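Colleague: First the structure, then my questions, so here it is.
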Amino acid sequence: MSQQKALFLRSLKGEFLVGTRVIPKVIPGHVVVKVYSTALNPVDWKVKEHGHEGFVKEYPAVLGLDAAGTIEAVGEGVTQWKKGDRVCVV
């Protein structure tokens with residue numbers, strides 16, 4: 001199984017920790033993006049500082065919703081993207 005680095009929020013209003021996790025497999029209707037650059041945005045730090053139980057369902061959680069990279073895998077039913085497409089996720 002391939003692993004990737006990720007920034008985890010350890011608990012509600014907890015600390016950030018860099019760790020590894022399994023790279024997800026593509027599922028129908030979705031794509032997998034190989035991320036080259038990512039960032040925390042204002043929503044991410046507000047979740048960390050103030051908590052937001054409706055946004056994060058379980059911990060540890062991976063935040064960092066803004067990213068740029070390339071499509072690595074395309075799920076069944078996805079027609080507007082192909083492997084190798086450069087994308088920005090916001």
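Values quoted throughout were computed directly from the atomic coordinates according to the rules given, and no laboratory measurement underlies them. Since this is a predicted model, take the numbers as computed values, not measurements. Using ideal geometry, Cβ is built from the backbone for each residue, glycine included, and neighbour counts are taken over all protein chains shown.
Colleague: Simple spin-label model, 7 Å along Cα-to-Cβ: E49 to R10 in nm?
Modeller: Spacing of the two 7 Å Cα→Cβ label points: 2.0 nm.
Colleague: Put a dot 7 Å past each Cα toward the Cβ at V90 and K57; how far apart are the dots in nm?
Modeller: Reported label-point gap for K57 and V90 is 2.7 nm.
Colleague: If you filter the chain for GluC sites (Glu not before Pro), then keep DSSP loop positions with at most 16 other Cβ within 10 Å, what is left?
Modeller: E15, E53, E58, E76
Colleague: Report the extension gain between K82 and R21 in nm, rounded to one decimal, defined as 0.36 nm multiplied by the number of residues separating them, less their alpha carbon distance.
Modeller: So the extension gain works out to 19.5 nm.
Colleague: Report the extension gain between T70 and H30 in nm, rounded to one decimal, defined as 0.36 nm multiplied by the number of residues separating them, less their alpha carbon distance.
Modeller: Roughly 13.0 nm would be gained on extension.
Colleague: Evaluate the relative contact order of region 1-51 (contact order divided by residue number), counting alpha-carbon pairs under 8 angstrom at least 6 apart; express in whole percent. Intermediate values should be presented prior to the final figure.
Modeller: On the way: 47 pairs, mean separation 18.5, N = 51.
It rounds to 36 percent for region 1-51.
Colleague: Jot down the radius of gyration and Dmax of the chain, Cα atoms only, both in angstrom.
Modeller: 14.3, 39
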